[in-house]
Amino acid sequence: MQSLTTLGLKLPSDPRWVNIAEMNLADILIDHAFCEQKAASSCISLIVRYPDKEKLVEILTPVVAEEWGHFQRVLKEMRNRGIKLTHKRKDEYVEKLQNCLQKTSDYNIRLLEQLLLCALIEARSAERFKLLSENIADESLRKFYHELMISEAGHYRNFIELAEEYMPKEVVRKRWETFLAQEAEIMRNLEVRKDRFH
């Protein structure tokens, strides 16, 4: 199927988001820091839950380091701007995506669901990084978000390739299309907030 936006997402971000984000960079950077924490934690969780999946452990171990490196880079950007990390915030976007996961006791289907969930979050993050890299006035942040966009797009591919490593490609593609449609519906109904990255 033809991609409609970044990495096949079915619905682009609300065009108001990037303008709101630029006017509230402190809130966006704080939330971005938590997103990078969660990305690293999700990869660690997959490695812990599926230690028998050799390819998964091999591919995701360096991703953990990359995501934690991104967290450190966001903290540096915050320090440069006198912004302090606050308490973790509720991530409504991710919670709604998690509600779309199939409830099953099947070991491999559970793995597929988690890999595609991670791929989807990375795809949306890459899209948002692209918007920031192309539209905000702060030159150093434009470069920062361009670099992160490339990295997140690579992580998206990692998760899709791992899904296809452990499940038939046609099964992965069918579920991915359904998940993309569900994500688009979530985005359509999600409030555009000044203090959330997603």
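The values are calculated or read from the model by the stated rules, or taken from the named source; none is laboratory data. Please read all numbers here as calculations on a predicted model, not as lab measurements. Note that we place each Cβ from the backbone using ideal geometry, even for glycine, and neighbour counts take in every protein chain shown. To get the accessible areas, we keep the full protein, side chains included, count just its heavy atoms, and leave off ligands, DNA and RNA. Shrake-Rupley method; radii C 1.70, N 1.55, O 1.52, S 1.80 Å.
Of all residues in region 140-198, count the ones that are assigned to a loop (DSSP other than H, G, I, E, B) and acidic (Asp, Glu).
The total comes to 2.
Tally the residues that are under 14 Å from Glu183 (Cβ atoms), part of a helix (DSSP H, G or I) and either open to solvent by less than 70 Å² (accessible area, probe 1.4 Å) or touching a Gly at 6+ places or on another chain (Cβ under 9 Å) (or both), restricting the search to region 79-111.
Residues in region 79-111 being under 14 Å from Glu183 (Cβ atoms), part of a helix (DSSP H, G or I) and either open to solvent by less than 70 Å² (accessible area, probe 1.4 Å) or touching a Gly at 6+ places or on another chain (Cβ under 9 Å) (or both): 3 in total.
For Glu165, all conditions in the list (1) open to solvent by less than 50 Å² (accessible area, probe 1.4 Å); (2) farther than 17 Å from Glu77 by Cα; (3) of a type outside the set (A, V, I, L, M, F, W, C) hold save one; what is the number of the exception?
Status for Glu165: all satisfied but (1).
Taking the condition of being loosely packed, with under 14 Cβ neighbours inside 10 Å, touching a residue at least 24 places away in the same chain (Cβ under 8 Å) and in contact with a helix residue (DSSP H, G or I) (Cβ under 7 Å, 6 or more places away or on another chain), how many residues in region 12-69 meet it?
Result for region 12-69: 1.
Would you check which residues across region 118-144 are in contact with a helix residue (DSSP H, G or I) (Cβ under 6 Å, 6 or more places away or on another chain) and aliphatic (A, V, I, L, M) and list them?
Ala119, Leu120, Ala123, Ala126, Leu131, Leu132, Ile136, listed by residue number.
If you check Glu152, Glu139, which single one turns out to be loosely packed, with under 14 Cβ neighbours inside 10 Å and not β-branched (Val, Ile, Thr)?
The unique qualifying residue is Glu139.
Identify all residues within region 149-198 that are closer than 22 Å to Cys43 by Cα and either in contact with a Lys or Arg (Cβ under 8 Å, 6 or more places away or on another chain) or hydroxyl-bearing (Ser, Thr, Tyr) (or both); write none if there are none.
Met149, Ser151, Tyr156, Leu162, Glu165, Tyr166, Leu180, Glu183, Arg196, Phe197, His198
Identify the residue in region 3-18 that is of a type outside the set (A, V, I, L, M, F, W, C) and within 14 Å of the chain's Cα centre (by Cα) and, among all such residues, is modelled with the lowest pLDDT.
Thr6
Can you list residue pairs whose Cβ atoms sit under 8 Å apart, with the first residue in region 77-95 being more than 18 Å from Glu147 (Cβ to Cβ) and without any contact (Cβ under 8 Å) to a residue 24 or more places away in the chain and the second being aliphatic (A, V, I, L, M) and not in a helix (DSSP H, G or I)? Count only pairs 6 or more apart in sequence or on different chains.
none
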